1. Highest mean first, how do 271-278, 64-71 rank when packing is the count of other Cβ atoms within 10 Å averaged over residues?
2. Mean shadow of segment 42-81, computed from the convex hull of its alpha carbons, in nm²?
3. Can you pull the semi-axes for segment 234-279, root of five times each eigenvalue of the Cα gyration tensor, sorted largest first, whole Å?
4. Hey, fewest Cβ within 10 Å first, where do 99, 250 land in order?
5. Taking only the alpha-carbon atoms of segment 84-200, what semi-axes of the equivalent ellipsoid follow from 5 times the gyration tensor eigenvalues under a square root, in whole Å, largest first?
6. On a C-alpha basis, how far is the centre of segment 244-272 from the centre of segment 33-59 in Å? Whole number, if you could?
7. Take every Cα-Cα distance within segment 153-202, group them into 5 Å bins from 0 onward, and report for each bin the whole-number percent of pairs it holds.
8. What FRET efficiency would be calculated for the residue pair residue 123, residue 36, taking the C-beta separation as r and a Förster radius of 41 Å, to the nearest 0.05?
């Protein structure tokens, strides 16, 4: 039976459509933490509601008490805004605490399952795979999944919920101005769909190269006395240097493709903000909206596209984590041909 992990083929098409598939496969390790995850989702919702209300309340303040010079009403709005900020801060704090616990418990379950699976496999598995590559999968790739749960997925859900809530809410405030604001989401979705498969592919290739380097170093150190005895240090140095350069080159490619999202999102969000200001100024000149609503829409445009900039960097981390999960899953999916004798 073939136990060589480097020859295991992942026939899945990489992309946005595989995110849900990978998540469902990973759900096995998250099931024990479902109540904590539910609580975290409630906190994410509270934070999103707070982010949606802030620009709306500011626009009401400008068109209401500030315009009418009503100090008592202004003080009431200040108290409401202060309460909203408190809710947002507390929800962010407890989100971090809860998801930190979920990440550690899930990582423990995942590594336990990995070690159990490795103990079930025959000697052929260890003969056909380098120990450094196995170490990389168990440590480095598992740590990427830990980062996914403790940080990336939490920030992704929070920002995605805010973006979705804002997109729905502004349609009821001013439909025409909302369409201008949301129009530029279309090229962002298209670009993300095109680039995402490359991000996961390069991230997986970089993890594989890193595993090869780890294995090479470990093997050479184990035989270092032999290398010195036969005066093969120069050969050892040249071979290790070549491996390091391969890892460096692949890491640069992975980092480049991973960082492509952010500048593209920055350009599109800047164009969107200019468009909102231009169309809003035209509506203001024609007395179709008030100045407070325009200020609120500018804030909404910023609140809509600023999270997208964050999502750009987070999405790269998520794709990298999916590549790591793919490497871990290759071990978990192996079937042992050992015959278990009953006592």
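Every number here is computed from the coordinates shown, using simple stated rules; none is lab data. Source: prediction; values computed, not measured. FYI the Cβ positions are ideal-geometry reconstructions off the backbone, even for glycines, and counts take in every protein chain you see.
1. Averaged packing, sorted descending, gives the order 271-278, 64-71.
2. That works out to 2.6 nm².
3. So the equivalent ellipsoid measures 45, 5, 4 Å along its semi-axes.
4. In order of increasing Cβ crowding within 10 Å: 250, 99.
5. Sorted largest first and rounded, they come to 42, 21, 9 Å.
6. 30 Å
7. All Cα pairs, binned at 5 Å, distribute as 4, 17, 17, 22, 20, 11, 5, 3, 1 percent.
8. 0.55
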